[in-house]
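Just so it is clear, none of the values below were taken in a lab; they were calculated from the coordinates. Only a predicted model underlies this, so the values are computations on that prediction, with no experimental measurement involved. Glycine also receives a Cβ, built like all others from the backbone with ideal geometry; neighbour counts cover every protein chain displayed.
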Protein chains: 2
Amino acid sequence: MSPQDYAAAHADRFNTKLFDLVRIPSVSTTPELAGEVKRAGQWLVDEMKRIGFPTAELIATAGHPIVYGEWLTAGADRPTVLIYGHYDVQPADREADGWATDPFEPVVKDGVLYARGSTDDKGPVVAHLNAIESLVNTDGLPVNIKVIFEGEEEVSSLHLGQFVAEYKDRLSADACLISDTSIYSAEQPSIVYALRGLAYMEIHVQGPATDLHSGGFGGTVHNPAQALAEIITKLHNPDGAVSVPGFYDDVRPLGKDERDELAKTPWTQEDWSRATGLTTPWGEPDYSLRERVSARPTLEVNGMLSGFTGTGAKTVLPAKAMAKISCRLVADQEPRDIYEKVKAYVAQITPPTVTSDVRLLHVGDPALTERDSTAMQAAIDAYTQAWGRRPVFMREGGSIPIVSDFQRELGLPVILMGFGLSTDGAHGPDEHFRLDLYHKGTQAIIAFHQAFAERSRT
Amino acid sequence: MSPQDYAAAHADRFNTKLFDLVRIPSVSTTPELAGEVKRAGQWLVDEMKRIGFPTAELIATAGHPIVYGEWLTAGADRPTVLIYGHYDVQPADREADGWATDPFEPVVKDGVLYARGSTDDKGPVVAHLNAIESLVNTDGLPVNIKVIFEGEEEVSSLHLGQFVAEYKDRLSADACLISDTSIYSAEQPSIVYALRGLAYMEIHVQGPATDLHSGGFGGTVHNPAQALAEIITKLHNPDGAVSVPGFYDDVRPLGKDERDELAKTPWTQEDWSRATGLTTPWGEPDYSLRERVSARPTLEVNGMLSGFTGTGAKTVLPAKAMAKISCRLVADQEPRDIYEKVKAYVAQITPPTVTSDVRLLHVGDPALTERDSTAMQAAIDAYTQAWGRRPVFMREGGSIPIVSDFQRELGLPVILMGFGLSTDGAHGPDEHFRLDLYHKGTQAIIAFHQAFAERSRT
């Protein structure tokens, strides 16, 4: 029996396993539910031991524990795959959030499982264990396996970075497989091969030493709110490109083949209008909407504050003004380099009538896995086999901090192999996961391990 | 005996009267002290009756009462002077605010009276009664007198407008004398002949229908914070002039004589730097600092708000942005006309990628009393006689709402005849009033009534 057939034969039992796990309300942000988070972690450890993992343990952190497992019997000549998923979930309250059914009682309707955590991320997590069980009980594992299931993904992965740094040597592998993203559509699988990085800053403009009376000083003092507005205006060219000198220097150019690939999953202006409520797009004219939000770096104002903003009229001439801005970055931009460039440019365009300061709040590296890497080719094989259709490549506009952490800290190619849909309601009410995608995901993971072993051999 | 000699002879008693009034803690903003506010009003009514006012009464309002008095025996051929002052005071707490002495126990040190309300505005109020008493007991009143002493000036004159509208006919007069401003220096008296008006607005910019994720939409949506920054930037020309079309159309031009007059009380760049903590002034280059803050209209940003402004990093692409802006206006600009012009201009410069709206929050008319009017000439006579020095003319950058109310509602030339100094600490701790200025003020008021009667005759 092939592992694929094994998985198909045990589909009902695999469903039941997932139902059991989603019943545990492992809400990581709610202190009273810390015991439930731990119970979900222990459930996974028990399940891994049942399957036969030689090593499966709950590792304590200062927060919720991390499930860690190893199955390294494939041999030193076989590649090692590091699997990441998370077993904590977003909060859910049937009444307050308006769920149609109890969020922690699995309900299947028309082949769709409704439950908190079904798609984010318990379904994909259990699919990984299903795939391993299917391989172990048939052909045997073609690769060595290391598993991290985190209990704090929904609370900013508070202690994962520390864990990865401490376990760096033990976590060594040849590829990292993360199943926590969505695919383009149920029929069209997709692989996200690039995520954007982030450089989050604050611009502070200081005018007079204290707030002044606008009647007594207005017209003689360069208003810092106005000066900040002038600075912000100069951060973009009129055509929508970022005007910070050198901003695009390290951007890996988009070749024709890559643009053709991205054009396979277009974001039409109609879709854009529906999502934004607007009629007229903005931004770099030479790039498609899809490219602008994924393959191009951006600079956005996230917040702006100066003077009196309460109800009514206060005739203050503010002493200072502040803006939060953030740059989404693409390979091979470096967040700290971009910060230095923004800082230098803001210093240059700050009028002599005020002073300014740019502070760095937060950075995240962009991530990009080469589309022609062995692991990526194995992922193409895997989706093609499970879906009967070759996956398309996509770039994601946001950041997943753990991806760049794994990439930077462990030096691994990271494969984002998701199975759910962006319409699954991951953080909202009535979160759901199509069970056919759950099983296709299991099949795809089996195929990935097989293909990665095969391709690594040659 | 001349009224001037009478006032000089009774200086000690006039001091004692003022001491009595400042002992009453008539803090209008503190509900528990409403009885004290009323007691101060009644004290004035009693004092007016003692002097001989045929009419002196406490008129109830929905808030604190208004003291109203009439003494119209000078005859129909004599002009009528409407006097305005206020008997309520700012809060004062010896410990919390750091007063050297009890704010409601008068202390005289080196000829200076320390007490809450001494300069703002009980000293000037009692000086008016002293002047009337001095005239009545010697030459007789040369003018008809109407008196309004308000009990809510420190709480935005909540019910004065209604009172003035209701008593409009009864308040008819030939000039209005307000003693609630300061003079240039103890040696150099000054007359403020113009106050600026105000048009206070909010600019609202709407981008996407809801806040968006900057990673998912940044680079395709015109960020409303940025669009607002672009709009604000376009409200001024690079040279500091307001760029709203027609903004300066109704500004009464500054003639050479007026500029020469204003140059007598210069605001040096050193003074400006000390007050602002800045080194480089800003604003219309063709006008002096003094002119920019008093004789020229301005447009200032008073507040600005968009997106996330708390601590830390939130990668939001805001749905909207807001700025509070206000225009200080000079004669003969009209606040609503300026609002319409700003609104039209903002509509014109709003990029097609967002929508904007300009809302009017508050208006105040500019005020200007002709320097060659009879009442103003009488004021020059009065200061010249009392100080031995001709007063200089000044324009004030701020607004005093009651001035334009009196000007508009009653059609009166308003004379701002102050006696204190801007350094008297009007709203701060250790408020004080030089007693020599208190007596010079009394002398000046006597001289004003005499001169106004004399000049009105010719």
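Highest mean packing first, where packing is the average number of other Cβ atoms within 10 Å per residue, the peptides A:449-455, A:377-383 line up as A:377-383, A:449-455. Over all projection directions, the Cα-based convex hull of the protein assembly as shown averages an area of 44.1 nm². Computed from the C-beta positions of B:Ala96 and B:Lys168, the FRET efficiency with R₀ = 56 Å rounds to 0.85.
The mean count of C-beta atoms from other chains within 10 Å of the C-beta of residues in A:85-95, rounded to a whole number, is 0. Distances between copies at B:Asp239, taken between label points 7 Å from Cα along the C-beta direction, are 3.2 nm in increasing order. Taking other residues whose beta carbon is less than 12 angstrom from the beta carbon of A:Asp88, and scoring Lys, Arg as +1 and Asp, Glu as -1, yields -4. The modelled label-to-label distance for the pair B:Glu454/A:Ser156, using points 7 Å beyond Cα in the direction of Cβ, is 7.7 nm.
Residues A:Glu300, B:Glu166, A:Glu47 in ascending order of nearby Cβ atoms (within 10 Å, fewest first): B:Glu166, A:Glu47, A:Glu300.
Shape of region B:301-458 from the C-alpha gyration tensor: oblate (a/c of 1.5 or more and a/b not above b/c, with a ≥ b ≥ c the square roots of its eigenvalues). The coefficient of translational diffusion for region A:134-208, derived via Stokes-Einstein from the alpha carbon Kirkwood radius under 10 °C and 1.306 mPa s, stands at 93 µm²/s. Other protein chain C-beta atoms within 10 Å of residue C-beta, averaged over B:239-246: 1. Inter-copy label distances at B:Ala344, using a point 7 Å along Cα-to-Cβ, come to 4.7 nm with the shortest given first. Our summary gives region A:272-336 a relative contact order of 30 percent, counting only alpha carbon pairs under 8 angstrom and 6 or more residues apart. Please state the shape class of region B:50-189: rounded when a/c is under 1.5, otherwise prolate if a/b exceeds b/c and oblate if not, all from the C-alpha gyration tensor. Oblate, since a/c reaches 1.5 and b/c is not below a/b.
The ranking of A:Leu289, B:Leu72 from fewest to most other beta carbons within 10 Å of each one's beta carbon is B:Leu72, A:Leu289.
The rule of thumb for compact globular proteins, 2.2 N^0.38 Å, goes into the C-alpha radius of gyration of region B:349-414 1.80 times. Whole-percent P(r), region A:224-264, all Cα pairs, 5 Å bins from 0: 6, 18, 14, 15, 16, 12, 7, 6, 4, 1.
Placing a label point 7 Å from Cα along the Cα-to-Cβ axis, B:Pro253 is separated from the same position in the other copies by 6.1 nm, shortest listed first. Once backbone amide H atoms are built at 1.01 Å from N, B:Gly197 has B:Leu329, B:Val330, B:Ala367 as its partners under 5 Å, excluding neighbours fewer than 5 places away on the same chain. If you take every residue apart from B:Leu21 with its C-beta less than 9 Å away from the C-beta of B:Leu21, what net charge results, scoring Lys and Arg +1 and Asp and Glu -1? In short, +1. Exposure proxy ranking for A:Asp286, B:Asp77, based on other Cβ atoms within 10 angstrom of each Cβ and starting from the fewest, stands as B:Asp77, A:Asp286.
What is region B:264-358 by shape, rounded, prolate or oblate, if you read a ≥ b ≥ c off the alpha carbon gyration tensor as root eigenvalues and call it rounded for a/c under 1.5, prolate for a/b larger than b/c, and oblate otherwise? Note, shape of region B:264-358 comes out oblate. Relative contact order for region B:386-458: 31 percent, from Cα pairs under 8 Å spaced at least 6 residues apart, divided by residue count.
Convex hull volume of the C-alpha atoms in chain A, normalised per residue: 174 Å³. Diffusion of region A:179-247 by Stokes-Einstein, at 37 °C in a medium of 0.692 mPa s and with Rh set to the Kirkwood radius over alpha-carbon pairs, works out to 194 µm²/s.
Legend: mean number of C-beta atoms from other chains within 10 angstrom of residue C-beta atoms, peptide A:319-329, equals 4. Per-residue Karplus couplings for region A:226-234, computed as 6.51 cos²θ - 1.76 cosθ + 1.60 with θ equal to phi - 60°, are listed in order as 5, 4, 5, 4, 5, 5, 4, 4, 7 Hz, Gly and Pro entered as x.
For chain B, the longest principal axis of the alpha carbon atoms and the long axis of helix B:435-457 meet at an angle near 80°. Report the paramagnetic label zone for B:Lys314: residues of region A:303-319 whose backbone N is under 14 Å from a point 7 Å from Cα along the Cα-to-Cβ axis. Under 14 Å, as judged by backbone N against the label point of B:Lys314, lie A:303-305 of region A:303-319.
Take every pair of alpha-carbon atoms less than 8 Å apart whose residues are at least six positions apart; their mean separation over the length of chain B yields a relative contact order of 25 percent. Taking other residues whose beta carbon is less than 12 angstrom from the beta carbon of B:Pro238, and scoring Lys, Arg as +1 and Asp, Glu as -1, yields -2.
Assuming charge only on the beta carbon of Lys and Arg (+1) and of Asp and Glu (-1), the dipole of region A:95-161 about its Cα centre is about 280 debye to the nearest 20.
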